Amino acid sequence: MTRIDVFEMERMQSLHWHEVEYDLSESGVRALSLRELLGKGADEVLDVALAYPLSEGSQSSREAIATWYPGASLENVTMVNGGSEANYLVLWSLLEPGDRLAFEVPNYLQGVAIGRAVGEGSDTFPLARTDDRWALDVDALERAVTPRTKAVMLCNPNNPTGAVLTEAEMDDVVRVADRVGAWIVADEIYRGAEVETDDTTPTFWGRYDRVVVTSGLSKAFAMPGLRVGWVVAPPEVIRSVWEHHDYTTLTPGMLSDRLTAVALAPERRDRILARTRSIIRENLPPVRAWIDQHSEAVRAVSPVAGAIVYVGYDLRAASAELVDRIRREQSVLLVPGAMFGFERPAADGFRIGFGFDHEETIKALERVSAYLTA
């Protein structure tokens, strides 16, 4: 029997997010309603027959997804249920016994466990915190990628830091992967949620002939309840992912498929992303002010994209211990740095999600304030 590590962050959130008074563990923004998405056409969904959709997603939905990736076409896209399933199916399709995965940290740690369960193992390379940004450690990337590396996986924009790689750093990832013929698996689910610009974060798609992009509607598109994910890849990878999908959820949901075509139509897509960016831009300043107010105890690099910020601290308590105590005593849920693959001292921190009501976020953070003493 193949064993896989317990996904500690997802277990924690699944157990506690609905029990706490304040949930700051979520990394998206306030969800769209059907009426917001469809406007006056909301009643049209009542006529959708709840039959099986195409297992790869309808042509209209896949064509709409492809428009967001320059040079992509229908044969480069398949739909699945959420970004997590996209990541799982891609790694299951690419990795074989004896293969290794090079994995960026900090990150959503799903890939590390899959690399161990499906391949031979996972080797990590970090983003390193500088005074004003999180930068790719190129030397560590070089060490992590060996002739046995089948894939290099990263999250850009990054979770939990909100960092975005520079064009030069993206070129370094391509160069190092190409040296050994490895695939690049780019989780781009926060792309479109930029903080200070309306220019969308550059995609890895089209930079290299062995690129696979995973994404979905959960984060930048504010529709996590649809459970829509997708894979953009060369046709041979798409075929393999589709075949593996036959063993998991088989198809997307019919309503989710139909609504994906609506949401990804370019004009509506731009309106949805503008809404997401406006929420982030309204909600981030009070969080920054709270961080500045406690600058003797905490530090943070402002995110470039995403409704998330990683806050480091100088306390004796390890992050999992501190976050659990705050949850039990103050009914506030954060995500500890240790659950993103950080090693100490960088693991001494937590991720704050600020994509919902900013007044409620600050009320929650005031409860955290009492714990920011040595």
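Pick out the one residue from TRP242, TRP290 that is of a type in the set (Phe, Trp, Tyr) and in contact with a helix residue (DSSP H, G or I) (Cβ under 7 Å, 6 or more places away or on another chain).
Result of the check over TRP242, TRP290: TRP290.
Within the range 144-165, does at least one residue satisfy the condition of being touching a residue at least 40 places away in the same chain (Cβ under 8 Å) and either aromatic (Phe, Trp, Tyr) or not assigned by TED's automatic domain parsing to the domain that holds VAL90 (or both)?
no
Would you mind finding the one in LEU334, LEU284, LEU273 that is touching a residue at least 24 places away in the same chain (Cβ under 8 Å), farther than 19 Å from ALA222 by Cβ and of a type outside the set (Phe, Trp, Tyr)?
After ruling out the rest, the residue left standing is LEU334.
Any residue in the range 43-60 that is outside the structural domain of PHE340 (by TED's automatic domain parsing), at pLDDT 95 or above, in a helix (DSSP H, G or I) and farther than 26 Å from ARG281 by Cβ?
yes
Identify all residues within the range 324-374 that are part of a loop (DSSP other than H, G, I, E, B), within 17 Å of the chain's Cα centre (by Cα) and of a type in the set (Val, Ile, Thr); write none if there are none.
none
Name the residue, out of ALA289, ALA297, that is surrounded by fewer than 15 Cβ atoms within 10 Å (Cβ to Cβ) and aliphatic (A, V, I, L, M).
One residue alone meets the criteria, ALA289.
Do we find that ALA305 is in the same structural domain as LEU24 (by TED's automatic domain parsing), in contact (Cβ under 8 Å) with a residue 40 or more places away in the chain and closer than 24 Å to VAL212 by Cα in this structure?
In short, yes.
Would the range 213-227 turn up any residue that is surrounded by fewer than 24 Cβ atoms within 10 Å (Cβ to Cβ), over 20 Å from the mean Cα position of the chain (by Cα) and on the phi > 0 side of the Ramachandran plot?
Checked against the condition, which is being surrounded by fewer than 24 Cβ atoms within 10 Å (Cβ to Cβ), over 20 Å from the mean Cα position of the chain (by Cα) and on the phi > 0 side of the Ramachandran plot, the range 213-227 yields no hits at all.
Could you tell me whether the range 204-223 includes any residue that is part of a helix (DSSP H, G or I) and either of a type in the set (Val, Ile, Thr) or not assigned by TED's automatic domain parsing to the domain that holds SER73 (or both)?
no
Which one is surrounded by the most Cβ atoms within 10 Å (Cβ to Cβ) among residues in the range 268-286 that are within 23 Å of LEU165 (Cβ to Cβ) and either at pLDDT below 95 or not charged (D, E, K, R) (or both)?
So, considering only residues that are within 23 Å of LEU165 (Cβ to Cβ) and either at pLDDT below 95 or not charged (D, E, K, R) (or both), the one surrounded by the most Cβ atoms within 10 Å (Cβ to Cβ) is THR276.
Only residues that are farther than 16 Å from ALA233 by Cα and crowded, with 23+ Cβ neighbours inside 10 Å: list them for the range 178-193, please.
Across the range 178-193, the qualifying residues are TYR190, ARG191, GLY192, ALA193.
The values are calculated or read from the model by the stated rules, or taken from the named source; none is laboratory data. As the structure is a computational prediction, the values presented were derived from the model and not from experiment. Quick reminder, even Gly has a Cβ in these numbers, built from the backbone with ideal geometry, and neighbours come from all protein chains shown.
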